[in-house]
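Working notes, beginning with the structure itself.
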Amino acid sequence: MSQNLKTLLSERPIVLNQKIASSGEGTVWTTDLPGFLAKLYHQPTADRIDKLKVMVAHPPKNPMRHHHHVTFAWPQDLLVDAQGNGLGFLMPEIVDGVKLSLIYNPKLRSRKAPRFNWYYLHTAALNFALALKSLHEEGYIVGDIKPQNLLVNSRALISVIDADSFQVRDPLTKTLYRCLVGSEGFTPVELLGKELATIDQEEVHDRFRLGVMIYLLLFGDQPFKGKWIGRGESPQPSELIRQGAWPYAPNSQVQPGPNTIPLSILHPQLQVCFQRCFTAGHQNPQERPSAQDWGDALKLAITDLRMCHLENNHHYSRTYGRCYWCDRRAFLGVDIFSPVPAIQRTAAPQPRKGSAPPAKQPAGSRRKTTPIKTAPSAVSTMANGSAHSFSGMAPLQAATHLLQSSRTAVHRRTSFLHSLHHPAVWGGGCIAIGILGLGMLLLPELQSGLLIQQGASSLESVLQQKVRPYFFKAVPLQSNNADANASLAAPVEASGTSSTPLAAPSSTSFASTPLMHGGHWDTVTTLDLTLDDRLLVSGSKDTTVKLWSFPDGKLKHTFSDHYEPLVTANFSKVAKTLVTSSLGGKVMAWDLKTLTLASSLPLENGFGMEGTIRNAATDDSNSFVASSGWGGAILLQYLQSGKTIRIPSNAMTSEQALVVVPNGRQLVTSTSDGLFQVWDATTGSLLRTFPDGLKAADLAEPISALTISRDGKLLASGGWYGSVVLWNLETGTLIRRFPKQDKPVSVLAINHQNNLLASVSSNATIQLWDITTGARHLTLRDAAATIFSLKFSRYGDLLVSGSDEPAIKVWNLKTRKLLKTLVQ
């Protein structure tokens, strides 16, 4: 940038190096001043500059200063041009923070930071409460509290960005500079429907937002969410806030769902804070706990946490008395704090050796060239004198996935052992139980032959991990009273060394593409375009469905009724309806003219013990939805008649992909041995299987992705071993194989002209293939994300991708460049 800039106070010349972020408000640049970034406004109004002057003159105290940590990306000095006109400000660079969604979202956490456990989450919540307390003490109101404005590092220390959006009051002149924006789910009842630009916000409004954020950190979800027991469909989240309907309010029409983490597992002081915030505070905002109150309660809760003697990545409240996470894993088969990342159906992109995985970077932060290491920082000693130890799992590296898959069964066998710590139980009978338990615990390893293969050292490791805790680490009976001297005077750092560090953020170039705001804050799982290319729909793990005008990328509407990650969203051929389905099996049809719910199918998905659905698809007319369960069964649900057809799992396999022929008469599924099954969609009967004979044996490879052409004539399949194959669906014959990929194929798409096939192989690279010749036509690289969805425009000149960045990107296939990005 050629403009001459200098700081207002020190009059130091500032050179802008690289633009690292851009938004509708301004741009963020690296500078020649180490450790500082510059933000320049597109329209630097007098109010903005005056507001910045107040902020520069009255910074808040940094509650994490003794940790040498930057808590606030605070304006340090104004930036002016040669004539002295204010253009923006200088702020500290945050180099070691990652997006908050990486640690509170259980699925992202298990993949990116599996050792960031409940103790770390309590600590992050405490540090945010202390940061907000510091701001409130100086008279600042954050206003737009949301996950996107918070970063967290490997020590659970929080950084707050976008500080120039705060509400600021000049302590000398009393002039008020309001916060102009807010976020859905974080707006208190008294501000709903109000024009925030006209409201003088108060500390009690931030108190509500703080409660929501702490709930999000500790439970991984929003508080105003659960099983709706009232009449009709569940209201929008804002309406639930208006009603004060959260699962633990008296006479609430929102009740805890089957997977809801109960409030009772928290320290009693935290339970009281949540009740004050969401129940008592609904009628009287002054009842909401202050940041100081939350900080005191969190300090007590942290000192009360105990490490589970069965799983060292589990922590539970001593006042609760037992490890809830072990119980949850035993009864639900779900462990959101598993130290071993779950096997991913779509593999994460592999970083180059010595480099950090790329990730979208918020304004106010920038990548270091080395990944974050979870350092053994000052260990927080608890009031009882003990310290948390974060040792690794047993060193059975070759058996990691085996142990992970058998973990649920093992804990079903051993959850009863929590009761064995009572003195009345320990006795002669304990020996017999111990011998029996030893055999049951080692059964999976003995059956698999793993111990035989790896010898005595492996046996010793298994004994150390699985058997010794029962006999040598028994937890004595403890009082239910919290320690009187348990409060902490300083922010708590998460102790120990993590075996899997948080992924370090990396810089992403935003200079060449405009950013369209109002997007998703979690992985974009599904995309669709109307036939006239005027509307784009996106569904996400953040549980929302968003409707965009296309290709300008303006957000038209957000549907927030699923409360679960989205699996699919599809327009009807004539663009009158939109059908969406979510992970738990809920199917909803929307009228696109009125943007209202036209019909829905019950949440009961018909899969029984198979649980959630893996994928789903609809026909052109949106007359039915075909869903695939994790156990292999298929469910066909007709929206108008309510008719349901269930194809049992014994006809399928668990390695299964699914597509519906556009005319709605047939659907195609895959098997784990590379076969395809064609089903009658009206009866559920099997019509044919292909290929057969030697062809099938030659191709034997589990299918990871399927797509079908618009005319229903071509079927493309992607395999777990990287194969990409094109089939004639009408005859079941192979047309051609494309060059094999080095990773599983996760996404496929065929354009409307049937001349291009797009594929993604579990990374950030999109390959486009010439269907006629089989040659590679084009490669598009999105180095910042893992791609989960693709959609061609009608005329094949544009390609839309959805990723876990999270972002929706529109690619121009003629210029071979990124056209625009739709992000939060």
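The values are calculated or read from the model by the stated rules, or taken from the named source; none is laboratory data. Keep in mind it's a predicted model, so treat the numbers as computed, not measured. Because the Cβ atoms are built from the backbone with ideal geometry, glycine has one as well, and the counts that use them run over all protein chains shown. In case anyone asks, the SASA skips ligands and DNA or RNA and just uses the protein heavy atoms, side chains included. Shrake-Rupley method; radii C 1.70, N 1.55, O 1.52, S 1.80 Å.
Quick notes on this one:
- Assessment of the stretch 668-691 against the conditions (surrounded by fewer than 22 Cβ atoms within 10 Å (Cβ to Cβ), among the charged types (D, E, K, R), at pLDDT 85 or above and part of a loop (DSSP other than H, G, I, E, B)) yields no matching residue.
- If the condition is being open to solvent by 70 Å² or more (accessible area, probe 1.4 Å) and touching an Asp or Glu at 6+ places or on another chain (Cβ under 9 Å), then the stretch 9-20 contributes 9, 10, 12, 13, 15, 17.
- Of the residues examined, residue 331 is not one that is of a type outside the set (S, T, N, Q) and open to solvent by less than 10 Å² (accessible area, probe 1.4 Å).
- Test: residue in the stretch 114-131 that is under 29 Å from residue 785 (Cα atoms) and open to solvent by 30 Å² or more (accessible area, probe 1.4 Å): no
- Considering the stretch 528-548, and only residues there that are basic (Lys, Arg) and at pLDDT 90 or above, the residue that is farthest from residue 791 (Cα to Cα) turns out to be 546.
- Filtering 172, 196 for residues that are surrounded by fewer than 20 Cβ atoms within 10 Å (Cβ to Cβ), within 30 Å of residue 44 (Cβ to Cβ) and free of Cβ contacts under 8 Å to residues at least 12 places away in the same chain leaves a single hit, 172.
- Residue 62 meets each of the listed conditions (1) out of contact with any Ser or Thr (no Cβ under 9 Å at 6 or more places or on another chain); (2) more than 18 Å from residue 4 (Cα to Cα) apart from (1).
- Single residue of the stretch 776-801 satisfying the filter (closer than 23 Å to residue 711 by Cβ and outside any strand (DSSP E or B)) that is most open to solvent (accessible area, probe 1.4 Å): 795
- Considering residues of the stretch 209-231 that are open to solvent by less than 10 Å² (accessible area, probe 1.4 Å) and hydrophobic (A, V, I, L, M, F, W, C) only, the residue farthest from the chain's Cα centre (by Cα): 210
- Looking only at the stretch 21-68, residues that are within 27 Å of residue 171 (Cβ to Cβ), open to solvent by 20 Å² or more (accessible area, probe 1.4 Å) and among the hydrophobic types (A, V, I, L, M, F, W, C) come to 4 in all.
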